[in-house]
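First comes the structure, then the notes that go with it.
The values are calculated or read from the model by the stated rules, or taken from the named source; none is laboratory data. Just so we're clear, the structure is a prediction, and the values are computed from it rather than from any experiment. Neighbour counts run over all protein chains shown; Cβ positions are idealised from the backbone, glycine included. Each accessible area value is taken on the protein alone, full model and side chains, heavy atoms only, with ligands, DNA and RNA left out. Shrake-Rupley method; radii C 1.70, N 1.55, O 1.52, S 1.80 Å.
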Amino acid sequence: EVGQGRVRAQVALGVAVVPVEGGCLVTVVQCVNPGPGAPRLFLGRFAARRCLSPLWVAEAMEKTRLSLPAPAPLETAEAAASISSELVARILDGYRRVGSDISGEGWELHGVRSGCTQYLQREGSMMNSKGVGAVQQLRDKIVDFVTSEQGRRLTDDMFASERVVEQLPRADVQRALVGAEVQRVQIVHTITKSPVPGVAPRDAVTCQVVYLEPALRNRAVVLMVPWEHPQAPITSGRVRSIVSGVAVVTPVGDARTPACELTAIQRVDPGGVVPHWAVNTFAPKRCLLPLLVQQEMSKLDRRRPH
């Protein structure tokens, strides 16, 4: 839709990257019809500037020292098997814990806000959080939202960025999770902002597993277990947190009135030094994830053209 005060331009772009000795040859072709009212003087000036696109790319990559490190090679097949079995064992342990997590054992009621029930659980220096609430959306749409970078950004004030480091094969995990239908297994690196002034920002590496459980009301589960990966090393300026959790999306509606119950549990060991008051402040906020998911997904629905 063309907004008021704007002119719709027509743009076509082609980029060719040809490997050559010592780098790549980049050719960029841009065809721009700016629409009515653009002075010829500006057309010539900006067309000449667009010819410099390859130079700008080279300069920007040099400034940021952009690199894409290759995965560290495994020395032997036995090493690969041991790493795989260790990760599968950790996933299986988290899978077995889901039932007790959502049952309410060991959790203290913190409050209820707009239909979202909040629970807290102290575990050593950590304050775990659990939120339970209704989301008026289809199961798969909720799963896609809570596992997307957009969803994280809209529901977490501390969120900075997130990337999938590696997609892993599902076969080993599928054999371990009896009764589940494994949809995807991936390693995710998440960076969060500084929780309070004077405290370093955090990052975390987790293995994220999405699976369905047809025998349990066809619910979907997003399981996160802490992990490490050579493409997400610990860097100066940030503190590595240990994060685990689970989101259980259980359908409670029908095709005409899609609705699900979302139970979201997060365990965060922030690492380093974080004031107790900050831990006690942010843990209850994490309990509100089901409410925030409902609110933000409803906003997105209203913005989409019907």
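Computed values, structure above
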| item | result |
| --- | --- |
| Selection status of Val293, in contact (Cβ under 8 Å) with a residue 24 or more places away in the chain and over 16 Å from Leu138 (Cβ atoms) | no |
| Scan of the range 122-138 for residues that are closer than 13 Å to Pro270 by Cβ, aliphatic (A, V, I, L, M) and either in contact with a Gly (Cβ under 9 Å, 6 or more places away or on another chain) or at pLDDT 85 or above (or both), ordered by number | Met127 |
| Breaking point among (1) open to solvent by 70 Å² or more (accessible area, probe 1.4 Å); (2) out of contact with any His (no Cβ under 7 Å at 6 or more places or on another chain), for Arg163 | (2) |
| Condition broken by Val178, with the remaining ones in (1) aliphatic (A, V, I, L, M); (2) more than 25 Å from Gln295 (Cα to Cα); (3) buried (at least 16 other Cβ atoms within 10 Å of the Cβ); (4) out of contact with any strand residue (DSSP E or B) (no Cβ under 7 Å at 6 or more places or on another chain) satisfied | (3) |
| Restricting the range 138-175 to residues that are aliphatic (A, V, I, L, M) and in a strand (DSSP E or B), the residue that is farthest from Val293 (Cα to Cα) | Leu168 |
| Residue count for the range 219-278, restricted to those that are acidic (Asp, Glu), within 20 Å of the chain's Cα centre (by Cα) and in a loop (DSSP other than H, G, I, E, B) | 1 |
| Residue list for the range 261-292, restricted to those being touching a Gly at 6+ places or on another chain (Cβ under 7 Å) and open to solvent by less than 40 Å² (accessible area, probe 1.4 Å) | Leu262, Ala264, Ile265, Arg267, Cys287, Leu288, Leu289, Pro290, Leu291 |
| Restricting the range 246-265 to residues that are modelled with pLDDT of 95 or more and not hydrophobic (A, V, I, L, M, F, W, C), the residue that is nearest to Arg122 (Cα to Cα) | Thr263 |
| Count - residues of the range 195-215 that are touching a strand residue (DSSP E or B) at 6+ places or on another chain (Cβ under 8 Å) and modelled with pLDDT under 95 | 4 |
| Filter result (touching a residue at least 60 places away in the same chain (Cβ under 8 Å), in a strand (DSSP E or B), open to solvent by 50 Å² or more (accessible area, probe 1.4 Å) and closer than 22 Å to Ser241 by Cα) within the range 87-137 | Tyr119, Glu123 |
| Matching residues, the range 208-218, being in a strand (DSSP E or B) and farther than 20 Å from Glu166 by Cβ | Leu212, Glu213 |
| Given (1) in contact with a Lys or Arg (Cβ under 8 Å, 6 or more places away or on another chain); (2) of a type in the set (A, V, I, L, M); (3) farther than 30 Å from Arg238 by Cα; (4) open to solvent by 30 Å² or more (accessible area, probe 1.4 Å), index of the condition Leu212 fails | (4) |
